[in-house]
Amino acid sequence: MALNAKQKQKVTKEVVRHEKDTGSPEYQIALFTEQIKKLTAHLKKNAKDFHSRRGLLKMVSKRKKLMEYLKKTNEKAYKAVIKKLGLKG
């Protein structure tokens, strides 16, 4: 269920800080959001896939923690990421 390089670039092109950005909270939140969307679609088809469901819950938790960190450290960037990714804040 991993994203390939083209998918990552497409998903994160609006939130990267610089050309080689891979560690910023904005970048990571964008990647987690795309992976969560893919896993959610997978679980709608495969309701009994409990291993993937556990992975989904862990990803949601990590994204939530990153969003809390970003909100605490840079609220302007937090609001921009929420708006760009269409998340609830």
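The values are calculated or read from the model by the stated rules, or taken from the named source; none is laboratory data. If you're wondering where the values come from, they're calculated on a predicted model, not measured in any experiment. Quick reminder, even Gly has a Cβ in these numbers, built from the backbone with ideal geometry, and neighbours come from all protein chains shown.
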Evaluation of Glu34 against (1) in a loop (DSSP other than H, G, I, E, B); (2) in contact (Cβ under 8 Å) with a residue 24 or more places away in the chain (one fails), failing number: (1)
Close pairs (7 angstrom Cβ cut-off, 6 or more residues apart or separate chains): within 16 Å of Thr12 (Cα to Cα) and modelled with pLDDT of 95 or more in segment 62-83, surrounded by 12 or more Cβ atoms within 10 Å (Cβ to Cβ) and of a type in the set (S, T, N, Q) anywhere: Arg63/Thr33; Leu66/Gln28
Test: residue in segment 69-83 that is small (Gly, Ala, Ser), assigned to a loop (DSSP other than H, G, I, E, B) and surrounded by 15 or more Cβ atoms within 10 Å (Cβ to Cβ): no
Filter result (surrounded by 12 or more Cβ atoms within 10 Å (Cβ to Cβ) and either in a helix (DSSP H, G or I) or on the phi > 0 side of the Ramachandran plot (or both)) within segment 41-56: His42, Leu43, Ser52, Arg53, Gly55, Leu56
